[in-house]
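Reviewing the structure listed below.
The values are calculated or read from the model by the stated rules, or taken from the named source; none is laboratory data. Not measured: the values here are computed from a predicted model. Every residue, glycine among them, receives a Cβ derived from its backbone with ideal geometry; neighbour counts consider all protein chains shown. Note: accessible area is taken over every heavy atom of the protein model, side chains too, but ligands, DNA and RNA are not part of it. Shrake-Rupley method; radii C 1.70, N 1.55, O 1.52, S 1.80 Å.
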Amino acid sequence: MKKLPYATILLFFVCSTLYSTVSENDKKVLLDLYHSTNGPGWTDTWDLEAPVSEWCGIKIKENHVVEIDLFENNLVGQLPESLGELQYLQSLNLAF
């Protein structure tokens with residue numbers, strides 16, 4: 001019976017590792033973008049409780065954001081300076 005808590009902790013660790021599909025820094029940058037451009041008012045807003053890989057317009061490769069495509073998504077505001085921290089970003093489309 002004492003092995004059950006250890007198994008539970010191990011299962012939690014394994015699941016957390018499998019579902020952490022983006023680096024913490026990249027997620028922070030995306031959250032900065034969301035908050036600085038009125039994310040709740042976007043046409044296709046993000047469920048911040050869902051994994052980043054499920055956020056509309058975000059593509060991830062090897063735990064890094066490589067594409068942001070929020071075309072015609074009603075972004076309003078200023079882009080955060082932290083956007084420049086996305087070292088692996090290859091494509092950015094925030095038009096209209």
### Query
In cubic angstrom, how much convex hull volume per residue do the alpha carbon atoms of segment 18-96 span?
78
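By accessible area of protein heavy atoms, probe 1.4 Å, what ranking do S82, S53, S36 get, highest first?
Numbers: S82 15, S53 65, S36 40 Å².
Final ranking, largest accessible area leading: S53, S36, S82.
Given a 1.4 Å probe, how much area per residue of segment 52-96 is accessible, in Å²?
On the way: 3030 Å² over 45 residues.
Ligands and nucleic acids excluded, the result is 67 Å² per residue.
Just to confirm a number: summing +1 for Lys and Arg and -1 for Asp and Glu over residues other than L79 whose beta-carbon lies under 14 angstrom from that of L79, what do you get? The partial results should precede the final answer.
Numbers: positive: none; negative: D32, E81, E85.
The answer is -3.
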### Task
Tell me which residues come under 5 Å, amide H to amide H, from V66 once H is placed; ignore anything under 5 positions away on its chain.
K59, I60, K61
### Query
How much accessible surface does Y34 have with a 1.4 Å probe, in Å² rounded to 10?
20
## Note on the structure
With all protein chains in place and a 1.4 Å probe, V66 shows an accessible area in Å² (nearest 10) of 20
